[in-house]
Amino acid sequence: MIHNGEPYVLEFNVRFGDPEAQVLLPSINQNFFDLIINTIEGKLPDKIEQREHALCVVMTAEGYPQKYKKGMEIKIKGDEEGEDFIIFHAGTKRENGKIISTGGRVLNVVGFGKNKDKAREISYKVIEEKIEFPSSHFRKDIGL
């Protein structure tokens, strides 16, 4: 974060969190468990097969990160995963056949593409065309 022209570290994680894991893990086109075992045994390959680009946009509930609304119904049209996207649930539950928001960070939408711009286009297209989430918020500058 930049404040008054000076950089500050807000958080330093040494674990896979979200949305980092949602971008990294599906990007690997190899068996992740095998990669871990090979790394432990000192046999990590020179190159890891992966998709070219991925971009994640987090959808949040109104009011996040302070007091946010819960219990909002979310409608997702069609599949939650396709050739070039995945919708990850973070703060949701399924109740009586419906998807209901339960947290502040609700959905993570990951798009995959041959370049950064295509991955970005896919992520935002999924949000606009597949997800109905009243009063949701998401940054519109991810990947710029």
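The values are calculated or read from the model by the stated rules, or taken from the named source; none is laboratory data. These numbers were taken from a predicted model, which means no experiment stands behind them. In this analysis, Cβ positions are derived from the backbone assuming ideal geometry, glycine residues included, and neighbour counts consider all displayed protein chains. Protein only, heavy atoms only, side chains kept; ligands, DNA and RNA dropped before computing areas. Shrake-Rupley method; radii C 1.70, N 1.55, O 1.52, S 1.80 Å.
Listing for the model above:
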quantity: Within segment 1-44, tally of residues that are acidic (Asp, Glu) and closer than 29 Å to Gly113 by Cα; calculated: 4
quantity: Residues (under 22 Å from Glu73 (Cβ atoms), open to solvent by 20 Å² or more (accessible area, probe 1.4 Å) and among the polar types (S, T, N, Q)) located in segment 92-127; calculated: Thr92, Asn96, Thr102
quantity: Checklist (1) closer than 22 Å to Ser123 by Cβ; (2) open to solvent by 50 Å² or more (accessible area, probe 1.4 Å); (3) touching a strand residue (DSSP E or B) at 6+ places or on another chain (Cβ under 6 Å) applied to His89, failing item; calculated: (3)
quantity: Of all residues in segment 1-39 being assigned to a helix (DSSP H, G or I) and farther than 25 Å from Val106 by Cα, the one that is most open to solvent (accessible area, probe 1.4 Å); calculated: Phe33
quantity: Exclusive hit being under 14 Å from the mean Cα position of the chain (by Cα) and touching a residue at least 12 places away in the same chain (Cβ under 8 Å), set Gly113, Gly91, Gly78; calculated: Gly91
quantity: Residue check for Lys77: at pLDDT 90 or above, loosely packed, with under 15 Cβ neighbours inside 10 Å and in contact with a Lys or Arg (Cβ under 9 Å, 6 or more places away or on another chain); calculated: yes
quantity: Subset of segment 40-57 [open to solvent by 90 Å² or more (accessible area, probe 1.4 Å), not in a strand (DSSP E or B) and not acidic (Asp, Glu)]; calculated: Ile40, Lys43, Lys47
